[in-house]
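Quick note: the coordinates plus some simple rules give every number you see, no bench work behind them. Source: prediction; values computed, not measured. Cβ placement follows ideal geometry from the backbone for every residue including glycine, while neighbour counts extend to all protein chains displayed.
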Amino acid sequence: MVSSELLVKYGFIKKDKLANYTYDEKSKTYQPMPGFKIRGKDADEEIAEVAIDKFGKTGYPKSIKRFEMFWEMQDMNLEEPYFWFIDNVRQTVPIIEKVEDSFSASENSAFFGVTQQRLGIQQDKVGQFLATTGKMVKELFQMVRELRILDERLTYYEESYSQLSKPPNGRSKSAEITLKGIFIDLVQGGSKTPGSIYGMARELEFITLPDLFFDAPPFNNTEEMENHVSSLRANFNEALLRVLVRHLRQFMEWKKRTHKEHANRKEFMLKYLRQHYNIIQMYLAWLKPYLRTIKKLNMKEGSDMSYNMISAFESSLTDIEVLCHYPDTDHCLMVTFNFRTRPHMKFVQEGYQRGPVHVGQMRMVVRALDWKKSHIRRYKALKEAESLELMGDLSGSVQQSMEALGGELERYLKEAEGIKDEDEKEKKSAKKSVAEMMFGDFINFDKLRERKASSGKKDKSNDEDAGLGDGRGAILFSAWGTYKNFKKAHRMVTW
């Protein structure tokens, strides 16, 4: 049963209470106005007879007409009435959508054992894929971090080389000074090495050597460097200048070769990142069918506590719900089947495999609904939210870290493909993030993001309902006709 609060959240609200809520375009749900909270009694919920002369809420949206039937036969195969109803309603209502298909079985039943064996096989496969995917996603963070460091270094090189077109005296020295600091620390070993710039200043008393080294501008070639050193001969002795030439020449060669090395390294890392990302996508593509199968094989949450489910009995509960509607009208049928069955495990001749045959009780409810397309869309979203999401409980911290990485990762992936168009930055906001592309089938990212209430905005989905015809009479005829014909076809009392 759907909770009343969930009905309110997805827009099934009494007309006189609608002013207390506003439609949040981002999360596609209704949120309470400031000073209010979601209340179950505001739901436009169906009231029906739940016991003899006792009426109560059913957990379903309000309907314009409702037909209910209980049918129990110890030798009745439950597949026949379901498909009979579907095949007959399809003759008058062309579009049929399944919105729920869940089951639960008692722990000691043979059906439970067979299902759990199949579930275990699927879970083992998923565990292997998730372990591999998790390891590769972790490596993805390290690769992006290395690319960030390469980008930082290459920025200094590119800024330094960009100054070479200017006259020597007008060249900026900030990027060059940064590179020289890296050169002294990483290549020469800093002040602890006697042969380094700082070591010679300390050990051999070349006090002005660090200042002259850092004060030199970027050079196009060794000729420019020698001309710069020659201009210093009037103020400094020859021994100092010889040492300066040695260190400047060594730095120039190091800068040229490491710039090429960093550029090649980045090109390799971009290609490797692209390949790594594609492999993750491949593993996720393999993973998704297993996850969907596991979701279907899992028992329905809460059914194990039902009074209809006894552990010592061979029993199972099955719930099926379908929406039947026309493509061009704003009315629909909601058909709910609740089966309380006793599964018999029988051998199938081909392959000698066991399979269940369900016999027992069926409860069928046919509801005629005065709904628009937006109601159908919201109800399907409600049913999806009601069921336990497969990976929706993936921790918010993981999702946030993927989002934080997403911008950098998308940029590097585009760079690996050679996309450098500036217009892509404007289109970026309209595209899905990397996390959504990877996990979008399993996570509702809209719910994980911070909600921004758009106060006073009209539900834009109502625009798709404009101009629809009135199919109230047709849908009532389909509901009553199919219900009546079902009873006649199965030799029940009709009036």
Could you count how many Lys pairs in region 131-280 have their Cα atoms under 29 Å apart, skipping same-chain pairs fewer than 8 positions apart? 28
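Which entries of K28/K125; K17/K65; K28/K98 show an alpha-carbon separation above 29 angstrom in the structure shown? Intermediate values should be presented prior to the final figure.
Numbers: K28/K125 34 Å; K17/K65 23 Å; K28/K98 21 Å.
Going by Cα-Cα distance, K28/K125 fall outside the 29 Å limit.
Using alpha carbons only, what's the Rg to Rh ratio of region 131-280 with Rh from Kirkwood?
On the way: Rg = 19.5 Å, Rh = 17.5 Å.
Answer for region 131-280: 1.12.
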Residue order, fewest to most beta carbons within 10 Å, for H259, H490: H490, H259
When a footprinting reagent is the concern and you count Cβ atoms within 10 Å, what order do S162, S478 take, fewest first? S162, S478
Alpha-carbon centroids, region 12-86 and region 214-234: separation in whole Å: 84
Order the peptides 331-338, 263-270, 153-160 from the highest to the lowest mean number of other Cβ atoms within 10 Å of their residues. 331-338, 153-160, 263-270
How would you rank 190-203, 85-98, highest first, on the average number of other Cβ atoms within 10 Å across their residues? 190-203, 85-98
Go from 0 up to the bin containing the longest alpha carbon distance in region 251-291, width 5 Å each, and give me the % of pairs per bin. 6, 21, 14, 12, 10, 10, 8, 6, 5, 4, 2, 1
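Would you kindly give the portion of the calculated P(r) for region 1-97 that falls above 24 Å, as a percent of all Cα pairs?
Working: 2155 of 4656 pairs.
That tail contains 46 percent of the Cα-Cα pairs.
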Mind checking the alpha-carbon convex hull of region 185-262 and giving the volume per residue in Å³? 86
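I'm checking a number: the convex hull volume of the Cα atoms of region 49-92, normalised per residue, in Å³. What is it?
Spread over its residues, the Cα hull of region 49-92 gives 121 Å³ apiece.
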Read phi for every residue in region 156-167 and hand back ³J(HN,Hα) as whole Hz from Karplus 6.51 cos²θ - 1.76 cosθ + 1.60, θ = phi - 60°, with x for Gly and Pro. 5, 4, 5, 5, 5, 5, 5, 7, 5, 7, 8, x
For region 131-280, what's the relative contact order in percent, using C-alpha pairs closer than 8 Å and at least 6 residues apart? 29
Going highest first, how would you order 130-138, 204-212 by mean Cβ packing within 10 Å? 204-212, 130-138
